[in-house]
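Engineer: One structure, pasted below without further comment.
The values are calculated or read from the model by the stated rules, or taken from the named source; none is laboratory data. Treat the numbers as computed from the prediction; the structure is a model and nothing was measured. Note: ideal-geometry Cβ built from the backbone for every residue, glycine included; neighbour counts use all protein chains shown. Side chains are part of the model used for accessible areas, which takes the heavy atoms of the whole protein and leaves out ligands, DNA and RNA. Shrake-Rupley method; radii C 1.70, N 1.55, O 1.52, S 1.80 Å.
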Amino acid sequence: MGVFIKNDEQISLMRTASKICARTHELLQKHIKPGVTTGELSAIAEDFIQSNDAKPSFLGYRGFPAAICASVNNEVIHGVPGLRKLLSGDIISIDIGVCFKRFHGDAARTIAVGTISEMHQKLIDVTEQSFFAGVKCCTESNRLHDISNAIDDYVKPFGFGIVQEWCGHGVGRQVHEDPQIPHTRQEKRGPRLRRGMTLAIEPMINIGTYDISMLDDTWTVVTRDGEYSAHYENTVLITDGEPEILTL
Ligand code: MG
């Protein structure tokens, strides 16, 4: 399957989906505080997305049971919302996909709950900045691996682990489509970037090693060493000039 180039009409639908996704994140950030449960956050997101005539992309995706992914502390991605109450000192990674008229926008943020340690704040900041290092390479003359290499180069000096087994991806007609976008250095150049490509770039960064494992729920990906992990993602449109970040 090749990389799907979007036309203006499709990009316009993705802009709307992505804007709703960004607003859902803003709304949840107001509710993320000690005492709230991850299930309550998912319900708030689901209501808001539906009130904008859109659908949560992840609900029912391969059987996923909730509107958002909510991954706390040592959970990397795909945490299932439920009865867990957030505590001061936690960090929570929220991943939201929104589908508007069959086109998707996808974004993730890691948010501090109450007061967190300096080290965990640093993890969140480095993860976010590594995304922006990757986005700087999202121009037409570049190849896909330029994004991967820029993220790896940015993170390496901090000594954090970059998750390798889960990657960024094309997004648009499907919430996951080609190409796969690794966040670590790649020898293979991958496809040339072209205007009209829409990419979800989403570094997942661990304080310890990059090693991960899966919980018995068969969804939640956790760090193998139990250290905390952060996630930052946006849907990015390649243009003939600067890239456009649709989910900000
Ligand atoms: Mg996502």
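Engineer: For residue 139, are the conditions met, namely being away from the ligand (no atom under 16 Å from the Cβ) and within 18 Å of residue 196 (Cα to Cα)?
Structural biologist: yes
Engineer: Just wondering, is there one or more residues in segment 94-116 that are at pLDDT 95 or above, assigned to a helix (DSSP H, G or I) and touching a helix residue (DSSP H, G or I) at 6+ places or on another chain (Cβ under 6 Å)?
Structural biologist: No, every residue in segment 94-116 fails to be at pLDDT 95 or above, assigned to a helix (DSSP H, G or I) and touching a helix residue (DSSP H, G or I) at 6+ places or on another chain (Cβ under 6 Å).
Engineer: Still on this model: Confirm whether residue 60 is within 21 Å of residue 177 (Cα to Cα) and surrounded by fewer than 22 Cβ atoms within 10 Å (Cβ to Cβ).
Structural biologist: For residue 60, the condition - within 21 Å of residue 177 (Cα to Cα) and surrounded by fewer than 22 Cβ atoms within 10 Å (Cβ to Cβ) - is met.
Engineer: Residue 65: closer than 24 Å to residue 171 by Cα and surrounded by 20 or more Cβ atoms within 10 Å (Cβ to Cβ), yes or no?
Structural biologist: Taking the combined requirement at face value, the residue does not satisfy it.
Engineer: Further question: Only one residue in 155, 163, 171 is among the β-branched types (Val, Ile, Thr) and over 29 Å from residue 99 (Cα atoms), so which one is that?
Structural biologist: 155
Engineer: Just wondering, is there one or more residues in segment 97-119 that are closer than 15 Å to residue 219 by Cα and surrounded by fewer than 18 Cβ atoms within 10 Å (Cβ to Cβ)?
Structural biologist: no
Engineer: Mind checking which pairs have a first residue in segment 103-115 that is more than 13 Å from residue 72 (Cβ to Cβ) and of a type in the set (Val, Ile, Thr) and a second that is open to solvent by 20 Å² or more (accessible area, probe 1.4 Å) and more than 15 Å from the ligand (Cβ to nearest atom), Cβ under 6 Å, 6 or more apart or different chains?
Structural biologist: 115/88
Engineer: Say we look at segment 74-89 and pick out the residues that are open to solvent by less than 10 Å² (accessible area, probe 1.4 Å) and not β-branched (Val, Ile, Thr); which of these is farthest from residue 37 (Cα to Cα)?
Structural biologist: 79
Engineer: Could you tell me which of the residues 173, 185, 194 is open to solvent by 20 Å² or more (accessible area, probe 1.4 Å), of a type in the set (Lys, Arg), away from the ligand (no atom under 16 Å from the Cβ) and closer than 27 Å to residue 17 by Cα?
Structural biologist: Exactly one residue qualifies, and that residue is 194.
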